[in-house]
Amino acid sequence: MASSPALKPHERIFVGLDTPDIDKASRLAKALIGAVGGVKIGKELFTAQGPDGVRMAAGGAPLFLDLKFHDIPNTVAGAVRAAVHLRPKILNVHASGGRAMMTAAAEAAREASEDLGVERPKVIGVTVLTSLDEKDLEEVGQKGPAKDQVKRLALLAQDSGLDGVVCSAKEIALLRKACGPDFLLVVPGIRPAWSVAGDQKRIMTPEDAVAAGADHLVIGRPITAAEDPLAAARRIAADLDAAGVTA
Ligand code: C5P
């Protein structure tokens, strides 16, 4: 069971705007506003265009600011405070930054949003990057199965006051069980049955991911590369609705 059963199907979808081009991003955001839960903007656009570029690209759509902060607690707290000015709905940090860093991030989000009188962003953790296999993890001194580390970091994120984690589809069931019904699970690597997988390997359909316990789905190319992105987003929401997994 997902932690947000009251969400409407389309509200579960965050569209990944993976481009450094403001015009392209803002055209997509504008076309999709209201048909999806929001847009995810990350390091590519932020680094190329800065906070004003992010604001312009999102164009008022709910924002998942995917900057994956990882630094000493004081620096991450400062970055989170600065990020709150963009009024993100969700922002993220690396859980491997540790307890003090995550606690500082959660506290900074709370304080800054109170100061600004805006809704507090959900702060979520990134556990283990899915680009790392077990050999890569061993090379950086991390032994044992990756899924054990994912679970350890998710529990630490929860204990440090974060609202949830980003996880791969294959980790949803494990983390839903370990972290309970109220912990936000935000899941990329989603492919509708009618779309092409591209370079994503461990994929799941939107319906299966939500049925397994995902709250939000991060979906990029099945929407952004579609001939008609709005139609693709609506079709995904309709698939979710038809599957009845959001009731
Ligand atoms: O186009 P696609 O649906 O594959 O895009 C997925 C989005 O989620 C991209 O922004 C990608 O960077 C991000 N992501 C991912 N896999 C992860 C973590 C993040 O695809 N494990």
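The values are calculated or read from the model by the stated rules, or taken from the named source; none is laboratory data. None of these values were measured; they are calculated from a predicted model. Every residue, glycine among them, receives a Cβ derived from its backbone with ideal geometry; neighbour counts consider all protein chains shown. The area values use the complete protein model at the heavy-atom level, side chains included, leaving out ligands, DNA and RNA. Shrake-Rupley method; radii C 1.70, N 1.55, O 1.52, S 1.80 Å.
The table below gives the values:
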| quantity | calculated |
| --- | --- |
| Per-region count, the stretch 100-145, residues of a type in the set (Lys, Arg) and more than 22 Å from LEU185 (Cβ to Cβ) | 2 |
| Given (1) in contact with a Lys or Arg (Cβ under 7 Å, 6 or more places away or on another chain); (2) within 12 Å of the ligand (Cβ to nearest atom), number of the condition LEU185 does not satisfy | (2) |
| Residue tally, condition touching a residue at least 40 places away in the same chain (Cβ under 8 Å) and of a type outside the set (Lys, Arg), over the stretch 194-213 | 6 |
| In the stretch 90-110, residue nearest to PHE64 (Cα to Cα) [restricted to those that are open to solvent by 10 Å² or more (accessible area, probe 1.4 Å) and more than 16 Å from the ligand (Cβ to nearest atom)] | ARG110 |
| Some residue of the stretch 111-121 being open to solvent by less than 20 Å² (accessible area, probe 1.4 Å), within 15 Å of the ligand (Cβ to nearest atom) and under 16 Å from the mean Cα position of the chain (by Cα) | no |
| Residue list for the stretch 122-150, filter: part of a helix (DSSP H, G or I) and within 16 Å of the ligand (Cβ to nearest atom) | GLU134, ASP136, LEU137, ALA146, LYS147, GLN149, VAL150 |
| Scan of the stretch 213-237 for residues that are open to solvent by 10 Å² or more (accessible area, probe 1.4 Å), more than 18 Å from VAL166 (Cβ to Cβ) and β-branched (Val, Ile, Thr), ordered by number | THR224 |
| Pair list, Cβ under 9 Å, 6 or more apart: the stretch 144-158 residue open to solvent by 50 Å² or more (accessible area, probe 1.4 Å), other residue not in a helix (DSSP H, G or I) | LYS147/VAL128; LYS151/THR127; ARG152/THR127; GLN158/GLY125; GLN158/GLY164; GLN158/VAL165; GLN158/GLY180; GLN158/PHE183 |
| Qualifying residue in the stretch 190-198 (condition: closer than 20 Å to LEU240 by Cα, touching a helix residue (DSSP H, G or I) at 6+ places or on another chain (Cβ under 9 Å), of a type in the set (Phe, Trp, Tyr) and more than 11 Å from the ligand (Cβ to nearest atom)) | yes |
| Verdict on LEU175 being more than 10 Å from the ligand (Cβ to nearest atom) and outside any helix (DSSP H, G or I) | no |
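Table: residues versus (1) open to solvent by 10 Å² or more (accessible area, probe 1.4 Å); (2) over 15 Å from the mean Cα position of the chain (by Cα).
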residue: LEU7; (1), (2): yes, yes
residue: LEU17; (1), (2): no, no
residue: PRO20; (1), (2): yes, yes
residue: LEU45; (1), (2): no, yes
residue: ALA57; (1), (2): no, yes
residue: PHE64; (1), (2): no, no
residue: ASP71; (1), (2): yes, yes
residue: VAL76; (1), (2): no, yes
residue: VAL80; (1), (2): no, yes
